[in-house]
Amino acid sequence: MDAFLNGWGLTLVTFVPLVGAVLVMAVPSSRELWLKAAALGSSLVAALFAILLLARFSVSRAGELQYVVDRPWIDVINSRYIMGIDGISLPLLLLTALIVPLCIVYSFGHFPEPRNPKAFLALLLVLETGMIGTFTAQDLILFFVFFEIVLLPMYFMIGVWGGENRRYAAIKFFLYTLFGSALMLVSFLAMFFLADGTLAGLEVARTFDMRALSGGATAGIARTSQLWIFAGMFLGFGIKVPMFPFHTWLPDAHTEAPTVGSVILAAVLLKLGTYGFVRVAVPMLPEAAAAWAPVIGLLAVIGIIYGALGCLAQRDMKRLIAFSSVAHMGFVMLGIATLTPFGINAAVFGMVAHGLITGMLFFLAGSVKDRYHTMEMSRLGGLLQQAPRMGWILGFCVMASLGLPGLAGFWGEFPAILASYNPAEILNEAVFRSYMVIAAVGTVLAAGYLLWMLQKTAFGTAREEFADSPDVTDASPREYLAWAPLLVLIVVLGFFPRLLHEATDPAVRESLQVEAVNGAPGDCLEVSRGEDCFERLRRVSEQATGGG
Amino acid sequence: MALTGAGVAVAYYRRVDRRAAAGGAATELADGPTSRWTAARLGHTLLVQKYYLDHLYTGIVAKGTAGPIARGAYWFNQHGIDEVVNQAGRKAVAAGHVVYDRIDQKVIDGVVNTTGTASHGAGEELRRMQTGKVQQYAGVMFVASVVLAAALILVL
């Protein structure tokens, strides 16, 4: 079993959904039941593989990549088919493998107009392959391919099954993120040409191998080049997160997307950006990360306050939840900007927590819309009276989202704020402590807009137009089925954050380790005059390549 | 002295209580200090309004943030940041039109079309030389070889 998982586990978990998509396409459209079975079945098989990978994952070695596959792929550019997961990728892989089957179950009762379940389910499965692949890939070109695969199904999902303004939202989403990806690709290429794989023990100098690039191969790149390369990645990943001021595609995409699309956008797609920072940008270019960190932190705290203000100005429930993502992802980015294990652990926790909680909130928004046919908060109200169970679930998720201790959201926000009190040695303490204060104010605003939303939608009595509406019923079994795992996880992770922390911590520490080359100083981030440390590292690596 | 003070306070409260039972405001007396001195009245109002802290919190901080500040930020989002994105899109389309209409269709395709027209024209001209008269061909050949020979002599 272990040998099988080691060789095939990651490939299977990544590509089973794609096979499922082909299967779905092969089933005639008239057989809706078969379509559903094929889609749910293949996503469950993928989830089963994900669980097997979890079961055989060695937590004590969570800092290293496991289940590594390394095969030749595109020899001309030295790009290899390398896959592997460590403690950072594993939770996100599990989150994806969990969310997709839940989305499929949720969509069973009512496919959004214009229905066409065949195409809808197939796209959902293609999306899953792209998302899982991004978390498992360990070669930059492979990573890029998966990163881009995600765009297309989402574009169609918004453009075909979306709301009134869907065309605008779809094309904005696609072009905006593609613009970032283009710059990101240029950065990847620059790294390919400038880094030296031999420093990290490879036989060739030019490489896309992510293990080598974060393992010292980039030590010899000049500081200015590093700053530019990082800037390109910053745009690519920052747009995906989305960071202020690159966030404007998000409210439109979220508002127009069908419920399931919004859930996947919030739960997984945004994490591709933050994961990129944690996996690619920071470990590969620690020197540039340290130089950019104050900017990232600043944009993060602006995002926290700005996103919250944006929420307070909304009249549309779904758009409010979308804007809250800008604020919440600000906390994640603040954690990353501290460049400390504590901060980045918080960020990874924040990603998972936001995925569960905001995913849930979008599910609820979708269900409210199914019942009331509107998202206008001035017309909603009285959910607790008309559909008490759903009202309570909404209340629960609002509490989780505003960071109530004991629920998952808390462990994403609070440690991120705490971490900015003590950023990495190389960073300016005063700057980050100011960020801490601003971020803390953001939590108050978060409570403000979330409770206001709850009050507008759940409290009071329903308006006359909906008082006797037969559509307004309490949560259905199908909805419970889709929501229960998320709700349980929100509580479990809230009480036992260690479950996640144990896996992420060694991996985060490993990713922040600045590799020593031939006895040169390691850990430059923890030296207060870090630039000299990096300079020494650069000299040593020049000697190493000159000598070899 | 403390006892006296306490006694006075108790007596005052009793009086206030009686007034309150009679329907007046519990803290105000018709002939009390608040009706006699402006300063006392202002102080009294300040106390009744709890130093206006509630007004500050609800009226100014909370309503201000949720109202004008949030609306302003959102307005900036829609008409500032997002406008840049939309304008970038529109300008790209406009640039596409300029490139297509002015450059692609006029200049580049113009060159292509001109080449076509030119070769057609040249063909028309050359066609006239094909007369079929051997003497004329020999004459052209003679003139051409003279020109070539002259060119060779000049160059070498």
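Remarks
- Estimated distance in nm for a label pair at A:Leu227 and A:His110, the labels positioned 7 Å out from Cα along Cα-to-Cβ: 5.4 nm
- Charge dipole (region A:2-547, unit charges on Cβ, about Cα centre) - positive-most of A:Ser469, A:Ala387, A:Ala347: A:Ser469
- Where only DSSP H runs of four or more residues are counted, the protein assembly as shown gives -22000 deg cm²/dmol as its mean residue ellipticity at 222 nm, each run worth -39500 (n - 2.57).
- Sparse-neighbourhood loop sites, trypsin sites (Lys or Arg not before Pro) in region B:48-144 - DSSP loop, at most 11 other Cβ within 10 angstrom: B:Lys133
- Hz values of 3J(HN,Hα) by residue in region A:352-369 - Karplus curve (6.51, -1.76, 1.60), Gly and Pro given as x: 5, 4, 4, x, 5, 6, 5, x, 4, 4, 6, 4, 5, 4, x, 5, 5, 5
- Absence of a disulfide-compatible partner, taken as no other cysteine beta carbon within less than 4.7 angstrom, is noted in chain A for A:Cys103, A:Cys311, A:Cys397.
- Structural descriptor for chain A: relative contact order 15 percent, calculated from alpha carbon pairs under 8 angstrom and at least 6 residues apart.
- One equal scatterer on each Cα of region A:310-365, no solvent, Debye formula: the resulting log10 I(q)/I(0) at q = 0.14 Å⁻¹ is -0.41.
- Whole-angstrom gap from region A:406-423 to region A:123-195, using each part's C-alpha centre: 29 Å
- Spatial offset of region B:101-156 relative to region A:9-76 amounts to 68 Å, using the alpha carbon center of each.
- Taking 0.36 nm per residue of separation and subtracting the current Cα-Cα distance, fully stretching the chain between A:Gln543 and A:Val492 would add 13.2 nm.
- Amide H contacts for A:Ser79 (H built 1.01 Å from N in the peptide plane; partners 5 or more residues away or on another chain; cut-off under 5 Å): A:Ile74.
- This model, with +1 at the C-beta of Lys and Arg and -1 at the C-beta of Asp and Glu, gives chain A a dipole about its Cα centre of some 820 debye.
- With a simple spin-label model that places each label point 7 Å from the Cα along the Cα-to-Cβ direction, the separation between B:Asp104 and B:Ser35 comes to 8.9 nm.
- Region A:80-94 - phi-based ³J(HN,Hα) in whole Hz, Karplus 6.51/-1.76/1.60, Gly and Pro as x: 10, 7, 10, 10, x, 10, 10, x, 7, 6, 4, x, 6, 4, 5
- Between 0 and 90°, nearest 10: helix A:223-240 axis offset from chain A longest Cα axis: 10 degrees
- Were the residues from A:Met1 through A:Glu464 laid out at 0.36 nm apart, the gain over their Cα-Cα distance would be 160.6 nm.
- Virtual spin-label span in nm between A:Ala55 and B:Leu56, 7 Å along Cα→Cβ: 6.2 nm
- For A:Val514, distant residues with modelled amide H under 5 Å away: A:Asp523, A:Cys524, A:Leu525
- Cβ-Cβ FRET estimate between B:Val84 and B:His120, R0 fixed at 56 Å, reported to 0.05: 0.65
- D_trans [Stokes-Einstein, Kirkwood Rh over alpha-carbon pairs] for region A:39-165, 25 °C, 0.890 mPa s, µm² s⁻¹: 154 µm²/s
- Note, ³J(HN,Hα) from phi for region A:459-476, Karplus 6.51, -1.76, 1.60, rounded to Hz, x at Gly and Pro: 7, x, 10, 5, 5, 4, 4, 10, 4, 10, 5, x, 6, 7, 10, 6, 4, 8
- Selection of trypsin sites (Lys or Arg not before Pro), region A:27-120, meeting DSSP coil and at most 16 other Cβ within 10 Å: A:Arg31, A:Arg56, A:Arg115
- Cross-link partners of A:Lys369 among lysines (Cα-Cα below 25 Å; sequence separation of 8 or more within a chain): A:Lys36, A:Lys118, A:Lys172, A:Lys318, A:Lys456
- Taking every alpha-carbon pair under 8 Å whose residues sit at least 6 apart, region A:319-442 reaches a relative contact order of 33 percent.
- When the Cα atoms of the protein assembly as shown are aligned to their principal axes, the ranges along those axes come out at 146, 67, 64 Å in descending order.
- As computed over chain B, the Cα convex hull volume per residue (Å³): 311 Å³
- Euclidean distance between Cα centres, region A:93-116 to region A:345-378, Å: 14 Å
- Its Cα centre serving as origin, region A:150-249 has a Cβ charge dipole (Lys and Arg +1, Asp and Glu -1) of approximately 280 debye.
- Sites A:Ala484 and A:Glu32, calculated FRET efficiency, Cβ-Cβ separation with R0 22 Å, nearest 0.05: 0.35
- Per-residue mean of C-beta atoms belonging to partner chains within 10 Å, peptide B:65-72: 5
- Ordering B:Val147, B:Gly72, B:Ala88 by Cα displacement along the dipole of chain B toward the positive end leaves B:Gly72 in first place; charges were set at the Cβ atoms of Lys, Arg (+1) and Asp, Glu (-1).
Rule-based calculations on the coordinates, nothing more; no lab input. Keep in mind that this is a model prediction, so the values were computed, not measured. Because the Cβ atoms are built from the backbone with ideal geometry, glycine has one as well, and the counts that use them run over all protein chains shown.
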